[in-house]
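The values are calculated or read from the model by the stated rules, or taken from the named source; none is laboratory data. This is a predicted model, so every value here is computed, not measured. All Cβ positions, even for glycine, are placed from backbone atoms using ideal geometry, and neighbour counts span all protein chains on display.
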Amino acid sequence: MVVIRKKLVPDVQANKVSYGKGNAKKYIVVHETDNTRSGADADAHARLQYDGNSRDASWHYTVDDKEAAQSFEHAWRCWAAGSNTGNNQGIQVEVCVNGDGNYQKAMQNAAELVVKIMKDENIPINNVVQHNHFSGKNCPRNMREGKISWSQFITMVKNASGNVQQPKPSIDNNKYRVLTGTYGTKQDAENAQDVLKHRFGWVAYIEPDGSKWRVKTGTFTGMAAAQAGANKIKTAKLAQVTNIVAE
């Protein structure tokens with residue numbers, strides 16, 4: 001998945017080059033920077049926006065062959081699409097065409113970024129559009145000229161969507177015990193132990209703690225199970241304080 005790095009434009013500057021917040025987030029609008037100079041990568045364009053773009057223009061992301069740099073949160077209505085609808089309802093993605101970059105890789109990264117935005121904002125693929133869709137401008141120019149056609153790019157988006165996998169939940173196989181707070185007498189500790197053993201069906205031990213006593217459970221596998229055990233002890237009002245310790 002493409003690396004996304006945030007370099008968010010400060011609000012004072014953002015308000016100068018946008019319509020403010022309130023983006024309806026219905027479209028993802030794909031552009032190209034049209035800047036072929038060496039070094040005109042995502043970082044350079046992100047720094048341009050952060051430092052105060054002299055043009056009356058703004059966009060949410062710039063993507064190159066190495067990363068995607070985010071300049072605005074999605075709520076901002078950036079000036080990029082050339083129409084009120086495109087600006088007020090679109091998340092703007094600029095793809096770099098710098099001469100020292102890999103255009104094919106930049107487009108692959110852009111496709112992966114588009115997939116993430118689609119998932120985050122629940123935007124359908126039919127609402128992934130070119131800049132041209134809103135203003136008629138010949139943008140993204142290289143795509144429109146067939147260097148990578150629009151249909152090929154949409155296929156890249158579909159393929160990237162199929163390849164994005166949800167991370168598997170980590171499995172905690174560590175062992176933990178729950179210790180109660182201290183009881184003033186051994187009889188109080190034995191009463192609590194009796195509930196744990198006979199009502200809950202747990203293994204439980206009594207341990208001295210100075211002149212007082214506490215109860216320690218058998219082992220639980222995973223922190224979630226141990227936390228549930230500690231909560232059950234508190235709910236049953238067997239102890240006001242519990243501690244979870246690793247084995």
Matching strands (runs of 3 or more DSSP E) fully within the stretch 1-101 where at least 1 residues are surrounded by 20 or more Cβ atoms within 10 Å (Cβ to Cβ) and assigned by TED's automatic domain parsing to the domain that holds Asn122
18-21, 27-32, 61-63, 68-70, 76-78, 90-95
Counting only residues that are within 16 Å of Ala40 (Cα to Cα) and touching a strand residue (DSSP E or B) at 6+ places or on another chain (Cβ under 8 Å), how many does the stretch 65-102 have?
10
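Yes/no matrix, rows are residues, columns are (1) crowded, with 19+ Cβ neighbours inside 10 Å; (2) in contact with a Pro (Cβ under 6 Å, 6 or more places away or on another chain); (3) touching a residue at least 60 places away in the same chain (Cβ under 8 Å):
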residue: Lys116; (1), (2), (3): no, no, yes
residue: Pro124; (1), (2), (3): no, no, no
residue: Ser135; (1), (2), (3): no, no, no
residue: Asn142; (1), (2), (3): no, no, yes
residue: Gly146; (1), (2), (3): no, no, no
residue: Ser149; (1), (2), (3): no, no, no
residue: Val157; (1), (2), (3): yes, no, no
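Residue by residue through the stretch 178-225, note down the ones that are among the β-branched types (Val, Ile, Thr) and either within 42 Å of the chain's Cα centre (by Cα) or buried (at least 18 other Cβ atoms within 10 Å of the Cβ) (or both). I'd like the intermediate steps shown before the answer.
Of the stretch 178-225, the ones among the β-branched types (Val, Ile, Thr) are 178, 180, 182, 185, 195, 203, 206, 215, 217, 219, 221.
If the condition is that a residue be among the β-branched types (Val, Ile, Thr) and either within 42 Å of the chain's Cα centre (by Cα) or buried (at least 18 other Cβ atoms within 10 Å of the Cβ) (or both), then Val178, Thr180, Thr182, Val203, Val215, Thr217, Thr219, Thr221 are the ones that fit.
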